[in-house]
1. Would you mind telling me which numbered condition in (1) exposed (fewer than 15 other Cβ atoms within 10 Å of the Cβ); (2) small (G, A, S); (3) closer than 20 Å to N48 by Cβ A151 fails?
2. For the structure I just gave you, tell me whether I218 is closer than 30 Å to D69 by Cβ and either in contact with a helix residue (DSSP H, G or I) (Cβ under 9 Å, 6 or more places away or on another chain) or of a type in the set (A, V, I, L, M, F, W, C) (or both).
3. Are any of the residues in the stretch 216-233 among the basic types (K, R) and under 30 Å from E49 (Cβ atoms)?
4. Can you find a residue in the stretch 196-211 that is more than 20 Å from Y53 (Cα to Cα), open to solvent by 80 Å² or more (accessible area, probe 1.4 Å) and in contact with a Ser or Thr (Cβ under 6 Å, 6 or more places away or on another chain)?
5. Tell me the residue from L175, L234, L244 that is in contact with a strand residue (DSSP E or B) (Cβ under 6 Å, 6 or more places away or on another chain), open to solvent by less than 70 Å² (accessible area, probe 1.4 Å) and closer than 30 Å to Y129 by Cα, please.
6. What pairs come up if the first residue lies in the stretch 206-219 and is over 19 Å from F160 (Cα atoms), the second is open to solvent by less than 50 Å² (accessible area, probe 1.4 Å) and assigned to a strand (DSSP E or B), and their beta carbons are under 6 Å apart, counting only those six or more places apart or on different chains?
7. Tell me the strands (runs of 3 or more DSSP E) entirely within the stretch 34-120 that contain at least 3 residues that are at pLDDT below 75.
Amino acid sequence: MKTSPTTLLFSQLILILTVVSISISQTDSNQTTEDKKSSKYLQIGFINETALYYHFTLNKSLRLKSGIDVNWNYDEKKDGDGYNRSQLNYPPYVEEEKRKANSIDNSYEITASSIVFFQLNDYEYASLYLGIGPSLSYSYAKTSSHSSSYADTTFYNSGFSSVYKVFGIGPSVSLMITSHIYGMLFLVSEYDLATYYTWNTDDNGFTYSSKSAYSTTISYESTDYHQESKGWKLRLSSVKVGLLIEL
């Protein structure tokens, strides 16, 4: 029998929670009351991410990190008026063209995760952790452009728009290093690998029109495109760096 991607995904999440529960129970049984003293941290990511996370130490070698990461990009371009003029000698004729164009790119991605980290090594000024846990991701990207021109007594207009949306859920594995800076401040760097099962939608549209200066008739055409897809996606992040503040 073939296993569906959704069933496989939830099986992985259940396995993660089982491993975490067993680890917590085993470490708790070997910890004294003094060892169980918990600490809370606030993580602010500023290199290769714009993120805010909350850390809670479950015991001496186990901590939970939950939070959200937001990446946003906006780019607007406006081209100035363009002008072309060419002269044909056979027959004598002058052709002029005026044009202008603008485009907007707007995209963002929001990722929410809850990762349990196991301490691998604890040095005097740094600690190494390996983490695993579920992650949710939603991304949105929109591109639109418009151009107009006037050539040989004819007006031309064209436009294009594209909207791409992706929602994903899946397990994430992360390697984290914390280094003590001073007092309650720590430098934290992370490198993670996430496997998502994604649902994607893609919508595109194109319009074109032309009109002669000597006519009231407008020639117009429009094309729309819609596609939906789903499947597994593997994402390897860049090294992310931030500050960890003990609360």
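The values are calculated or read from the model by the stated rules, or taken from the named source; none is laboratory data. This is a predicted model, so every value here is computed, not measured. Methodologically, a virtual Cβ is constructed for each residue, glycine included, from the backbone with ideal geometry; neighbour enumeration extends over all protein chains shown. Surface areas here come from the heavy atoms of the whole protein model, side chains and all, with no ligands, DNA or RNA. Shrake-Rupley method; radii C 1.70, N 1.55, O 1.52, S 1.80 Å.
1. Among (1) exposed (fewer than 15 other Cβ atoms within 10 Å of the Cβ); (2) small (G, A, S); (3) closer than 20 Å to N48 by Cβ, A151 violates only (3).
2. Details: closer than 30 Å to D69 by Cβ: no; either in contact with a helix residue (DSSP H, G or I) (Cβ under 9 Å, 6 or more places away or on another chain) or of a type in the set (A, V, I, L, M, F, W, C) (or both): yes.
For I218, the condition - closer than 30 Å to D69 by Cβ and either in contact with a helix residue (DSSP H, G or I) (Cβ under 9 Å, 6 or more places away or on another chain) or of a type in the set (A, V, I, L, M, F, W, C) (or both) - is not met.
3. Let us first name the residues in the stretch 216-233 that are among the basic types (K, R), namely 230, 233.
Applying the additional criterion that residues be under 30 Å from E49 (Cβ atoms) yields 230, 233.
Yes, some residue in the stretch 216-233 is among the basic types (K, R) and under 30 Å from E49 (Cβ atoms).
4. Within the stretch 196-211, the subset more than 20 Å from Y53 (Cα to Cα) is 196-211.
Going one step further and asking which of them are open to solvent by 80 Å² or more (accessible area, probe 1.4 Å), we end up with 199, 206.
From the residues that got through so far, the ones that are in contact with a Ser or Thr (Cβ under 6 Å, 6 or more places away or on another chain) too are 206.
Yes; the residues of the stretch 196-211 include at least one that is more than 20 Å from Y53 (Cα to Cα), open to solvent by 80 Å² or more (accessible area, probe 1.4 Å) and in contact with a Ser or Thr (Cβ under 6 Å, 6 or more places away or on another chain).
5. Values: L175 fails: open to solvent by less than 70 Å² (accessible area, probe 1.4 Å); L234 fails: open to solvent by less than 70 Å² (accessible area, probe 1.4 Å).
When all the criteria are applied, what remains is L244.
6. Going by the 6 Å Cβ cut-off, the qualifying pairs are S212/T154.
7. Details: elements: 40-47, 51-59, 62-88.
Strands (runs of 3 or more DSSP E) meeting the threshold: 62-88.
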